[in-house]
Amino acid sequence: MATFSIVAADPRVGMWGVGVQSKFLAVGAVVPWAEAGVGAVATQAWANVSYGPEGLALLRQGLSAEEVVDRLVQADPGRDHRQLGVVDAHGRAAAYTGAACLEWAGHRVGPGYACQGNILAGPAVVDAMARAYEEARDRGLPMEERLIEALRAGQAAGGDRRGQQSAALLVVKPRGGYGGYTDRWLDLRVDDHPRPIEELHRLVRLHRLYFGAPDPSRQVRLEGAVVEEVQRLLQATGYYRGPISGRLDDATRQALRTFQLNENFEERVVGDEVIDGDVLDYLRDLARRRPAGGGPATGSAVGGGAP
């Protein structure tokens, strides 16, 4: 599996993640493994997929990233063909590249991250990834954006010398999943695409739109002219058939609620008297893109595709 990947941790904010790109179908089903408060693992090259769950189990026992790498590869008779990156709960990182991995193969380990790759254009790939990750971290970007920046830099430096096919991001944090039931804050995969990293970034932007924490400064009160605008927009998109009155009546409330639930914004509902600013922008864009026949407009307002 010709692949370049990065494992990273930011224990200060309680996030761990893996980003990966490969000339391999559905690389996200094989390489990335992570658990909040435990660590993250990337297993690749002639991948021993058991490194993922076994690595997390060892991390859960309190072993350091370096100890986990040593334990896994020493127990594996096929170690010369494996490549592995690990970060632990404290942000310590370690990596391994087997002697039989196809050239160019190697890794770079830095504070809180490890970059690794095989069948690459050269060492500049992992060097560029490391620099990009550190720069994005220093700029205060969120974990998913740091990982995307690292993947982009690796691709710009030559990437997998066979080309591109798939990419994935896995980012975990305590109670980060939908409804707070799991730790999977972000689990996105592009299984087969000519520009998988760019498509992955589009999905990250969609994820932020649907599941990002509402910004209190972007909340818009539903009163007067705002209600009138919302009624017009809901009418244009097929969600509302009442009068344009500027009054927040039951029919308007119900239409707005139907719109938000139908368009998957339940995590963005902030009350009966206000609307999230990003949701309002989405509604405006949806109204602009309504079909000529007057039927409901559907689909994502980010990047021109459906989520």
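Any idea how many residues of the stretch 238-271 are part of a loop (DSSP other than H, G, I, E, B), touching a Ser or Thr at 6+ places or on another chain (Cβ under 9 Å) and either crowded, with 16+ Cβ neighbours inside 10 Å or of a type in the set (Asp, Glu) (or both)?
Residues that pass the stated criteria total 3.
Please verify whether Ala128 is touching a Gly at 6+ places or on another chain (Cβ under 8 Å) and modelled with pLDDT of 95 or more, treating the condition exactly as stated.
Spelling it out, Ala128 is indeed touching a Gly at 6+ places or on another chain (Cβ under 8 Å) and modelled with pLDDT of 95 or more.
Could you list, in sequence order, all residues of the stretch 109-125 that are under 16 Å from Gln164 (Cα atoms), among the small types (Gly, Ala, Ser) and under 22 Å from the mean Cα position of the chain (by Cα)?
Gly117, the sole residue that qualifies.
Quick check on my filter: what residues within the stretch 212-237 are in a helix (DSSP H, G or I), of a type outside the set (Lys, Arg) and open to solvent by 50 Å² or more (accessible area, probe 1.4 Å)?
Pro216, Ser217, Ala225, Glu228, Glu229, Gln235, listed by residue number.
Do any residues in the stretch 1-16 that are within 12 Å of His90 (Cβ to Cβ) and modelled with pLDDT of 95 or more have Cβ atoms under 6 Å from those of residues that are part of a loop (DSSP other than H, G, I, E, B) and open to solvent by less than 20 Å² (accessible area, probe 1.4 Å), where the two are at least six apart or on different chains, and which pairs are they?
The qualifying pairs are Ala9/Gly91; Ala9/Gly112; Pro11/Gly91.
With (1) without any contact (Cβ under 8 Å) to a residue 24 or more places away in the chain; (2) touching a Leu at 6+ places or on another chain (Cβ under 9 Å); (3) among the polar types (S, T, N, Q) as the list, and Gln44 as the residue in question, which single condition is left unmet?
Just one mismatch for Gln44, condition (1).
Take the residues in the stretch 3-56 that are assigned to a helix (DSSP H, G or I) and open to solvent by less than 10 Å² (accessible area, probe 1.4 Å), then tell me which one is nearest to Leu169 (Cα to Cα).
Per the criteria, the residue is Gly28.
Spot the failing condition for Arg60; the list is (1) out of contact with any strand residue (DSSP E or B) (no Cβ under 7 Å at 6 or more places or on another chain); (2) crowded, with 23+ Cβ neighbours inside 10 Å, and only one is missed.
Arg60 satisfies all of (1) out of contact with any strand residue (DSSP E or B) (no Cβ under 7 Å at 6 or more places or on another chain); (2) crowded, with 23+ Cβ neighbours inside 10 Å except (2).
The values are calculated or read from the model by the stated rules, or taken from the named source; none is laboratory data. A quick note: this is a predicted structure, and the numbers were derived from the prediction, not measured. Methodologically, a virtual Cβ is constructed for each residue, glycine included, from the backbone with ideal geometry; neighbour enumeration extends over all protein chains shown. When the accessible area is computed, the model is the full protein with side chains, heavy atoms only, and any ligands, DNA or RNA have been set aside. Shrake-Rupley method; radii C 1.70, N 1.55, O 1.52, S 1.80 Å.
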